[in-house]
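> There's a structure below that I have some questions on.
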Amino acid sequence: MFSKILIANRGEIAIRIIRTCNRLGIDTVAVYSDADTRSLHRQLADEAVHIGESASQKSYLVIDKIIDAAKSTGCEAIHPGYGFLSENAEFAKAVAAAGMVFIGPGAEAVDVMGDKITSKELAKNAGVPVIPGHIEALKDDKEALRIAEDIGYPVLLKPAAGGGGKGMRIVHKPEEMSDALAAARQETQKAFNDTRIFVERFIENPRHIEIQILADSHGNVIHLGERECSVQRRYQKVIEESPSPAVTPELREKMGKAACDLARQAGYVSAGTVEYVMDNQHNFYFLEMNTRLQVEHPVTEMVTGLDLVEWQLRIAAGEKLPLAQDQVKLNGWAIEARICAEEPNRDFMPSTGLITRYFAPRGTGVRVDSGVNIGSRVDVYYDSMLAKLICYGKTREDARHNLIEALNGYHIEGVSNNIDFVTSVVCLQEFAEGELNTNFISQHFEGGICKRSPSQSHLRLCALTAALIYHVRTVAVRESLRPMVSDIGGKDDIGVLHTYTVRKGDDSFEVILKGPIISGKTMTIEVDGTVYEVNVPVFEFFRRRLKLIINGQPYRFRLRLEHSFLHMSFNGISGIFEVYTPGEWDMLRYMPKKEKKVRNDLLTCPMPGMIVDVQAKKGDRVFKGQNLVILESMKMESGVASPIDGVVAEVMVESGQAVETEQVLIRFEV
């Protein structure tokens, strides 16, 4: 086994690798850029080497800097993690040429399987079903249109290199092809330094199923079952689980055998993942092979009991696999949620900033792989993922319930995040029933908000909590004035019913608190006629999380005071809850409503980033929905569309300029 390795990555995956190395007694060397000077992965490694500027093209993607860092610290091997150089054959070759071990497959396998075109050819030769399409790089628009007509619309444009959804575009009709192909090439050039794009039939509403394999250098290949990764946004996974609710033991054996056959055909050694799309008839087709560790590998670890990083290390060191295929057992269920710095209600735009509060959930069956903590800065240079929350259960419903409770207690402030969004996903009945496909989010959400109204039972629990907190705060103030009660003629009101109206948006609830509020005792609270028995906790008002035992069941709420109102998150419900006494509520109902004025003469920046292209100039007539500016942030390009039909009065930015959220990009004539 190695005594020291370098980790050519950052964030949560670097920390994940460090954790296994610490257990095995392997020293670790981290690399870091300017932006990661105070990062957790740098702090947790045994040594750390600075490799350059914040932009990944000048640090984490520079092969020579990584090799030099490993040599200078006496490393025997390099673990690439995922992303960055993990699927770069030239990097694997450079590591070997430098006399070190690349902890992953050989350069030839990386080259063949990391390329979407050659890997599909290999899959066909191995007898693995592939999606109908053209598995050669497109020459130009004319060829793309001809092939699309042959295989039928819609089609999917895909980069030959890389992954993570970057460079992919769906084309529904011929007139969309030219712009889509240009955008795909531009994005894949920036992400992978490769402009090759191929085309295949777009299978509508498929499931995304992947098989985890392990292969050693002694000819042994096994699979560790499947992962369901169908819940996605922008082709990037949001929720993953193992096993899949749609895969039977017979289908698992068939998909697993095909994955192992492909690995043998490629001469593959190390951990890897074969990805499939599966249609409604359970026909599966080869999508791609990832020649690295996957982001979602923890769900496989939790149901198999294996440490995949450990076996990457052992395989790279020449050891044999510990198990034969018939010894692999899947026990229980695991579900993972990706926690990202983004704004779901703004089309999942990335968010940046300083994390001012951070609390990750803990407990039996709860695992958090995080790359951040309080004080961590989230910049525009890297991927938006902050952490992964993985929960285990004996059954899928146990795992789902544990995940919901853990999400309710996951608290991050300082950057916008998707915690409430992913909670609302796993709370949906369709998710609970396993009715999943890759369009799950677009089918059930619009603008990051669930199309279905929140559960009234969940809203009542929120109203109960808001009224209880409001009342306890009021009583606390009153108690502080108790010495004055006898002097001013006041009286104690213990035992009196207290009635409040709690409002969230258009929903309102009447809440009645009965009996004295005594910590550790049970009191009765009635919400719109429904009676709840609540065990009163010890209230600490500086805390942002609250656990209540309601009718014998524990519930967790995330809280934040905003002026005199309470911002609460619970089971995907998130927003301000206003509490009123009867007199205040009567006054509010009869107050005239103010109309909110919306300014539409400006195009503002939706997120921090870098201007890639400005597609309008002064005097141009533009139309609502037309992309006027192309913005790059966190390795993704996005169009910023005109909010109106109008004429451009002034362009305020230029290509290559760094911009911040709400900065004015374009002004329109009024």
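The values are calculated or read from the model by the stated rules, or taken from the named source; none is laboratory data. Since the structure is predicted, the reported quantities are computational estimates derived from the model, not experimental observations. As a convention, Cβ positions derive from the backbone with ideal geometry for all residues, glycine included, and neighbour counts pool all protein chains shown.
> How many residues, within segment 333-386, are surrounded by fewer than 21 Cβ atoms within 10 Å (Cβ to Cβ), at positive phi and not in a strand (DSSP E or B)?
Total meeting the criteria: 4.
> Now a separate question. Quick one: is THR395 surrounded by fewer than 18 Cβ atoms within 10 Å (Cβ to Cβ) and modelled with pLDDT under 95?
Against the criterion (surrounded by fewer than 18 Cβ atoms within 10 Å (Cβ to Cβ) and modelled with pLDDT under 95), THR395 does not qualify.
> Answer yes or no as to whether LEU354 is within 16 Å of ASP383 (Cα to Cα), over 17 Å from the mean Cα position of the chain (by Cα) and not assigned by TED's automatic domain parsing to the domain that holds GLU660.
Against the criterion (within 16 Å of ASP383 (Cα to Cα), over 17 Å from the mean Cα position of the chain (by Cα) and not assigned by TED's automatic domain parsing to the domain that holds GLU660), LEU354 qualifies.
> In segment 609-656, how many residues are in contact with a Phe, Trp or Tyr (Cβ under 7 Å, 6 or more places away or on another chain) and of a type in the set (A, V, I, L, M, F, W, C)?
Qualifying residue count, segment 609-656: 5.
> Restricting segment 308-324 to residues that are in a helix (DSSP H, G or I) and among the charged types (D, E, K, R), which is farthest from MET100 (Cα to Cα)?
Looking at the filtered set, the residue picked out is GLU310.
> Evaluate segment 41-51: report whether one residue or more is modelled with pLDDT under 95 and out of contact with any Ser or Thr (no Cβ under 9 Å at 6 or more places or on another chain). Spell out the reasoning first.
Residues of segment 41-51 modelled with pLDDT under 95: none.
Checked segment 41-51: no residue is modelled with pLDDT under 95 and out of contact with any Ser or Thr (no Cβ under 9 Å at 6 or more places or on another chain).
> Residues in segment 124-131: is at least one basic (Lys, Arg) and either crowded, with 21+ Cβ neighbours inside 10 Å or outside the structural domain of GLY272 (by TED's automatic domain parsing) (or both)?
no
> Same structure, new question: State which residue is nearest to LEU389 (Cα to Cα) when the search covers only segment 345-379 and only residues that are of a type in the set (Ser, Thr, Tyr) and in contact with a strand residue (DSSP E or B) (Cβ under 8 Å, 6 or more places away or on another chain).
SER370
> Kindly indicate whether VAL659 is surrounded by 18 or more Cβ atoms within 10 Å (Cβ to Cβ), touching a Gly at 6+ places or on another chain (Cβ under 7 Å) and at pLDDT 90 or above.
Working: surrounded by 18 or more Cβ atoms within 10 Å (Cβ to Cβ): yes; touching a Gly at 6+ places or on another chain (Cβ under 7 Å): yes; at pLDDT 90 or above: no.
Answer is no for this residue.
> Sticking with this structure for a sec: Looking at the structure I just gave you, is VAL247 of a type in the set (Val, Ile, Thr) and assigned to a strand (DSSP E or B)? Can you show your working first?
Working: of a type in the set (Val, Ile, Thr): yes; assigned to a strand (DSSP E or B): no.
So VAL247 fails the test.
> Scan segment 112-126 for residues that are part of a helix (DSSP H, G or I) and in contact with a Ser or Thr (Cβ under 8 Å, 6 or more places away or on another chain) and jot them down. Explain how you work it out, then say what you get.
Filtering segment 112-126 for residues part of a helix (DSSP H, G or I) gives 112-113, 116-125.
Answer for segment 112-126, where residues must be part of a helix (DSSP H, G or I) and in contact with a Ser or Thr (Cβ under 8 Å, 6 or more places away or on another chain): VAL112, MET113.
> While we're looking at this one, here's another question. Within segment 20-46, can you find the residues that are closer than 23 Å to ILE374 by Cα, surrounded by fewer than 17 Cβ atoms within 10 Å (Cβ to Cβ) and either touching a helix residue (DSSP H, G or I) at 6+ places or on another chain (Cβ under 9 Å) or not polar (S, T, N, Q) (or both)?
Scanning segment 20-46 gives ASP34, ARG38, LEU44, ASP46.
> Quick test for you: out of ILE66, ILE135, pick the one residue that is among the β-branched types (Val, Ile, Thr), in contact (Cβ under 8 Å) with a residue 40 or more places away in the chain and closer than 17 Å to ASP194 by Cβ.
Residue meeting the stated conditions: ILE135.
> Another question, if that's okay. How many of the residues in segment 201-224 are at pLDDT below 95 and surrounded by 24 or more Cβ atoms within 10 Å (Cβ to Cβ)?
Counting residues in segment 201-224 that are at pLDDT below 95 and surrounded by 24 or more Cβ atoms within 10 Å (Cβ to Cβ) gives 0.
> Would you be able to tell me the number of residues in segment 387-421 that are among the charged types (D, E, K, R) and assigned to a helix (DSSP H, G or I)? Break it down into steps so the answer makes sense when it comes.
Step one: filter segment 387-421 for residues among the charged types (D, E, K, R), giving 388, 394, 396-398, 400, 405, 413, 420.
From the residues that got through so far, the ones that are assigned to a helix (DSSP H, G or I) too are 396-398, 400, 405, 420.
So the answer is 6.
> Going by the conditions given, is LYS4 basic (Lys, Arg) and in contact with a Cys (Cβ under 8 Å, 6 or more places away or on another chain)?
yes
> Which residue out of VAL598, VAL653 is part of a loop (DSSP other than H, G, I, E, B) and at pLDDT below 85?
VAL598
> For ASN535, are the conditions met, namely being modelled with pLDDT of 95 or more, under 29 Å from ALA337 (Cβ atoms) and not aromatic (Phe, Trp, Tyr)?
So ASN535 fails the test.
> Scanning for something touching a strand residue (DSSP E or B) at 6+ places or on another chain (Cβ under 8 Å), at pLDDT below 90 and buried (at least 18 other Cβ atoms within 10 Å of the Cβ), does segment 470-486 turn up at least one residue?
yes
> Would you say LEU308 is of a type in the set (A, V, I, L, M, F, W, C) and surrounded by fewer than 18 Cβ atoms within 10 Å (Cβ to Cβ)?
Numbers: of a type in the set (A, V, I, L, M, F, W, C): yes; surrounded by fewer than 18 Cβ atoms within 10 Å (Cβ to Cβ): no.
Answer is no for this residue.
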